[in-house]
């Protein structure tokens, strides 16, 4: 598994993403946003978390139109894997690779805490080592994670099984108090039509070491490396 | 030539920032505020003096970058 992690001005989780991928056995390379091409034989592109361009205009808006994104779009169109985490999810939505938009959290607060997610399906390249409807313990850190889309887009995502993760509690009960940001249908992450692009607000890359209190994030990277 | 692009949230899209500002205005004792929606204004200096061409360019700019048309509307005014 050869992974390219795109670095935008203001990205700050590229090191965590690289560490999680290397731990799972992937080769990683950092790619600058102003480059035209991805490294040869890239299997996976990661858009890491952070605050690209200081969140100017809208979160992910300027990064979503960076030069490298044409190469990322072409990679995705070929069936290559793309993972956008947090700001990376916002960038995927702004670049048109995923539908919808991440709006300001319902209560206007930046939320930084541990968060359980329910794995909606385990037959994708991103989730194969998890169990279906397993509650995984990861972290969130965002101010704009409130997923919204047109009603018909939400229906499409639901009907096509493209919701990857939902916010839940430790018992895998979805929604209510467990929803940290007001996200529609408790959506924490979604897939593209071909299931090769995943955007998610939470940070699995931060829960890969017992030292920080949990390793539930490892499964996502282990799944990808097994792909 | 001066132009202004105004970007506003579509009706029905939740605007927690607008709501917070509305609450702050109420707490300041400013009467008669029914509701607040927050938007963005871009003041843009356009080269040349072809107003129609400028309008078309700024509509393209709005579609491609200035507005996220999933949740936002935009208006182009040549000033």
Where labels lie 7 Å past Cα in the beta-carbon direction, separation of residue B:31 and residue A:65 in nm: 4.6
FRET efficiency estimate (nearest 0.05) - Cβ-Cβ, residue B:53 to residue B:10, R0 30 angstrom: 0.65
CD proxy at 222 nm, helix term only [per DSSP H run n ≥ 4: -39500 (n - 2.57); per residue of the protein assembly as shown; nearest 500]: -7000 deg cm²/dmol
Highest-fluctuation residue, A:77, A:61, A:139 considered, GNM on chain A with Cα pairs under 10 Å: A:77
Quotient of C-alpha Rg and 2.2 N^0.38 Å, computed over the protein assembly as shown: 1.05
Separation in nanometres of the label points that stand 7 Å from Cα toward Cβ, at residue A:160 and residue A:27: 3.3
Mean separation of Cα contacts under 8 Å (6+ apart) over length of chain B, as relative contact order %: 53
Calculated over the stretch B:2-78: convex hull of Cα atoms, volume per residue (Å³): 105
Label-zone membership for the stretch A:95-124, site residue A:170, 7 angstrom Cα→C-beta point, backbone N under 14 Å: A:114-117
Gap separating the Cα centres of the stretch A:160-215 and the stretch A:120-147, nearest whole Å: 4
Cα gyration tensor shape of the stretch A:126-184, rounded if a/c is under 1.5, else prolate or oblate by comparing a/b with b/c: oblate
Rounded tilt (10° steps) of B:16-27 against the dominant C-alpha axis of chain B: 50
Residues listed by number, the stretch A:75-105, amide nitrogen under 17 Å from residue A:41 label point at 7 Å toward C-beta: A:80-81
Neighbour-count order for A:168, A:93, fewest beta carbons within 10 angstrom listed first: A:168, A:93
Modelled FRET efficiency - R0 30 Å, residue A:107 with residue B:60, Cβ distances, 0.05 increments: 0.25
10 °C / 1.306 mPa s Stokes-Einstein diffusion coefficient of the stretch A:35-103, Kirkwood radius on C-alpha pairs, µm²/s: 133
Estimated inter-spin distance, residue B:17 and residue A:215, nm [label 7 Å along Cα→Cβ]: 4.2
Label zone at residue B:73 (point 7 Å along Cα-to-Cβ), backbone N below 17 Å, the stretch B:1-37: B:5-15, B:35-37
Evaluated at q = 0.09, 0.16, 0.19 Å⁻¹: base-10 log I(q)/I(0), Debye formula over Cα of the stretch A:1-159: -0.29, -1.00, -1.42
Proxy reagent accessibility, fewest Cβ within 10 Å first, across A:156, B:47, A:148: B:47, A:156, A:148
Gyration tensor verdict on the stretch A:96-168 (Cα atoms; rounded if a/c is under 1.5, prolate if a/b is larger than b/c, oblate otherwise): oblate
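Every number in this text was worked out from the coordinates using simple rules, so none of it is lab data. Treat the numbers as computed from the prediction; the structure is a model and nothing was measured. Positions of Cβ are generated from backbone atoms using ideal geometry, with glycine treated the same way; all protein chains shown enter the neighbour counts.
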